[in-house]
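Notes follow once the structure below has been shown.
The values are calculated or read from the model by the stated rules, or taken from the named source; none is laboratory data. Remember, predicted model here, so these are calculated numbers, not experimental data. Heads up, the Cβs are rebuilt from the backbone with ideal geometry, glycines too, and the neighbour counts pull from every protein chain shown.
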């Protein structure tokens, strides 16, 4: 068991492939039928993932909508606490759990089905332990935010909200692990059912706790915790009782306590890679508060980033699809089909980026009205949506290629690339944003779009080229 896991490396699939698949790899040719089949598989996977992503995003929107009617302080405190929780906890959980894209995906492709359950148990063990120090940080969020210079009243409100969010992080860890476990098996429908059920219940539970109890705005945090646990427990029950998981979940095993170091070797770079992407958004919002017209700039940037986050749910789904298909094919010893999966995913996300970008540009003059009645804000948002459309196109490419990195077990490369992009992009957009007026026309989003994304795309493209070279070498 340990010997199999120690096969992990940056230049080869993590798991050895069965001999019969190797022969198929060398003999198989990429026909039109195989391309069409790959397109169908990716679309059938991406559709449910898009729905699941939007439903999860909807939970946060519902909470903010309810809290927003209680006043500015409640909204500011809840928003700051949510941002704090994302930066200090949820992003790390997302990143570390994405190591299962590699382990479970390649195990499933190699037909080592029993290993999926062991990887799942190991991931939950590690992530739940990580949640303990993170929950301590959340418990002291108010003091930390005040120490960092935030308004004491808002920091206190955020700290109170964050304490009620603590159960969320444990539920989120369980949910993410089980979602990756099911996704690697191309079984994503249960995720829609569980997330949809939790979101519908969240509508009711959040309304009751916010408006009908003494909790007030903190009721939204309690509702989030309840909804996250409903979502997580639904997936836990499904995995334990469903006949579709009888070969991949064979019960608890002491083998889960072995190979933890190998899991950390992938999960830590994964956390760095994904956290840097998420943190870059939060840094832009923070810096916007120091611009010459912070009220206008922050409002416009918040609307722009909210729009970015909403439409990003689509390429995020294709990122998961690419990760699953690449890891499955590499585990099966078919690198040529893994490259085909990459090309298909890129082709789809390019078309999606063009379509969404066109819609954003055509509707840029009216979209701002959904958020504000101030014409200055509406017009500024209209200008920014052109840049949002461009940014979304590059984000789609970057997202898919990040999925390829996760599927092929090369998270260290992704971490280095994102660190380099962040190190180059943020100092540049900070300089342009705060330099004299003639240079400052770019604003935060504009310079981010011009600095961060192309560097990441370029480096990730080099990784895809290397993956293609490895497949060609294996076929000679």
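For the reader, a short list of remarks on this structure follows.
One line per residue, one yes/no per condition, for (1) modelled with pLDDT under 90; (2) within 24 Å of residue 111 (Cβ to Cβ); (3) surrounded by 15 or more Cβ atoms within 10 Å (Cβ to Cβ); (4) more than 22 Å from the chain's Cα centre (by Cα):
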| site | (1), (2), (3), (4) |
| --- | --- |
| 14 | yes, yes, yes, yes |
| 17 | yes, yes, yes, yes |
| 20 | yes, yes, no, yes |
| 33 | yes, yes, no, yes |
| 42 | no, yes, yes, no |
| 49 | yes, yes, yes, no |
| 57 | yes, no, yes, no |
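- Flag for residue 110 being closer than 30 Å to residue 243 by Cβ and either free of Cβ contacts under 8 Å to residues at least 24 places away in the same chain or buried (at least 24 other Cβ atoms within 10 Å of the Cβ) (or both): no
- Taken as a whole, the condition of being surrounded by fewer than 19 Cβ atoms within 10 Å (Cβ to Cβ) and modelled with pLDDT of 95 or more applies to residue 237.
- Test for residue 213: is it out of contact with any strand residue (DSSP E or B) (no Cβ under 9 Å at 6 or more places or on another chain), closer than 23 Å to residue 249 by Cβ, without any contact (Cβ under 8 Å) to a residue 40 or more places away in the chain and surrounded by fewer than 24 Cβ atoms within 10 Å (Cβ to Cβ): no
- Residue satisfying condition, being in contact (Cβ under 8 Å) with a residue 12 or more places away in the chain and buried (at least 24 other Cβ atoms within 10 Å of the Cβ), within set 357, 382, 403, 353: 403
- For region 59-80, filtering for residues that are surrounded by 15 or more Cβ atoms within 10 Å (Cβ to Cβ) and assigned to a loop (DSSP other than H, G, I, E, B) leaves 1.
- Listed by first and then second residue, the pairs linking a residue in region 219-230 that is in contact (Cβ under 8 Å) with a residue 60 or more places away in the chain to a residue that is outside any helix (DSSP H, G or I) and buried (at least 20 other Cβ atoms within 10 Å of the Cβ), with Cβ atoms under 8 Å apart and 6 or more places separating them unless they lie on different chains, form an empty list.
- Flag for residue 128 being without any contact (Cβ under 8 Å) to a residue 60 or more places away in the chain, out of contact with any strand residue (DSSP E or B) (no Cβ under 7 Å at 6 or more places or on another chain) and under 20 Å from residue 165 (Cα atoms): yes
- The one condition from (1) within 28 Å of residue 218 (Cβ to Cβ); (2) part of a helix (DSSP H, G or I) that residue 50 does not meet is (1).
- From 144, 169, residue being part of a helix (DSSP H, G or I), farther than 30 Å from residue 409 by Cα and at pLDDT 90 or above: 144
- Comparison of 120, 165 shows that the only residue that is farther than 30 Å from residue 329 by Cβ and in contact (Cβ under 8 Å) with a residue 60 or more places away in the chain is 165.
- Subset of region 113-126 (residues that are crowded, with 23+ Cβ neighbours inside 10 Å and under 13 Å from residue 97 (Cα atoms)): 119, 120, 122, 123
- Some residue of region 250-261 being at pLDDT below 90 and at positive phi: yes
- Residue in region 178-195 that is within 24 Å of the chain's Cα centre (by Cα) and without any contact (Cβ under 8 Å) to a residue 40 or more places away in the chain present: no
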